[in-house]
Amino acid sequence: MNSNSLKIHTIAEIVKKLEYYCSYQERCHAEVTEKLKTFKLSAAEIDTIVVHLIENNFLNEERFAQSFARGKHNVKKWGKIRIVNELKCRQISQYNINAALKELPDETYYATFHELAEKHWNSLTETHPAKKKKKFCDFLLRKGWESPLILDKLNELAHD
């Protein structure tokens with residue numbers, strides 16, 4: 001590849017690209033900053049573009065956190081522990097994490113847990129009781145569900 005084929009972007013073009021990038025899916029600040037770094041911009045230029053995206057409501061970390069929590073819970077059946085850890089990895093503030101958790105009403109949260117737990121318990125082909133219990137617990141812990149919830153459900157299912 002010769003240097004002539006490298007595309008040079010103006011700041012205005014980059015802003016338009018980032019507006020589109022943020023409009024078709026919620027993004028966190030860290031994702032946007034990483035994307036901007038691929039354009040070889042200065043720190044000041046990156047900051048200016050991020051401020052523009054925030055001021056024009058393309059970038060909103062509270063909205064991102066809420067959307068992330070709803071999506072990961074509803075689609076991937078994640079529990080609060082996994083959601084919180086993933087948001088922390090994305091440098092989301094505690095305030096926005098708390099706002100995100102409010103998107104998971106207790107009734108829905110527990111209904112999802114019980115449905116997932118029962119479905120997984122019934123799908124396990126392990127015949128050895130201790131191994132089956134371990135597989136059950138490991139699966140739900142990886143999904144980020146709380147230990148007391150898992151143990152209560154295990155006691156319920158293992159004694160049926």
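The values are calculated or read from the model by the stated rules, or taken from the named source; none is laboratory data. In this text the structure is predicted, and so the values were computed from the model without any measurement. Glycine also receives a Cβ, built like all others from the backbone with ideal geometry; neighbour counts cover every protein chain displayed.
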Members of segment 103-122 that are in contact with a Gly (Cβ under 9 Å, 6 or more places away or on another chain) and either touching a residue at least 40 places away in the same chain (Cβ under 8 Å) or among the charged types (D, E, K, R) (or both): F113
First in segment 127-149 and on the phi > 0 side of the Ramachandran plot, second anywhere and at pLDDT 95 or above and among the charged types (D, E, K, R), Cβ under 9 Å, 6 or more apart: G144/K72; G144/K80; G144/R82; G144/E86
Residue among E107, E86, E103, E55 that alone is exposed (fewer than 12 other Cβ atoms within 10 Å of the Cβ) and within 22 Å of L140 (Cα to Cα): E107
Condition met for L141 (within 20 Å of V84 (Cα to Cα), within 17 Å of the chain's Cα centre (by Cα), in a helix (DSSP H, G or I) and outside the structural domain of Q66 (by TED's automatic domain parsing)): yes
Condition check for K131: in contact with an Asp or Glu (Cβ under 6 Å, 6 or more places away or on another chain), more than 23 Å from A30 (Cα to Cα) and outside the structural domain of A30 (by TED's automatic domain parsing): no
Residue check, K72 among the basic types (K, R), surrounded by 13 or more Cβ atoms within 10 Å (Cβ to Cβ), assigned to a helix (DSSP H, G or I) and at pLDDT 95 or above: yes
Close pairs (8 angstrom Cβ cut-off, 6 or more residues apart or separate chains): among the acidic types (D, E) in segment 77-102, surrounded by 14 or more Cβ atoms within 10 Å (Cβ to Cβ) and part of a helix (DSSP H, G or I) anywhere: E86/F68; E86/K72
Selection count, segment 38-76, where residues are free of Cβ contacts under 8 Å to residues at least 60 places away in the same chain, on the phi < 0 side of the Ramachandran plot and among the basic types (K, R): 3
In segment 110-127, residue nearest to R82 (Cα to Cα) [restricted to those that are exposed (fewer than 11 other Cβ atoms within 10 Å of the Cβ) and of a type in the set (S, T, Y)]: S123
Single unsatisfied condition, Y21 versus (1) aromatic (F, W, Y); (2) touching a Lys or Arg at 6+ places or on another chain (Cβ under 7 Å); (3) under 30 Å from L140 (Cα atoms): (3)
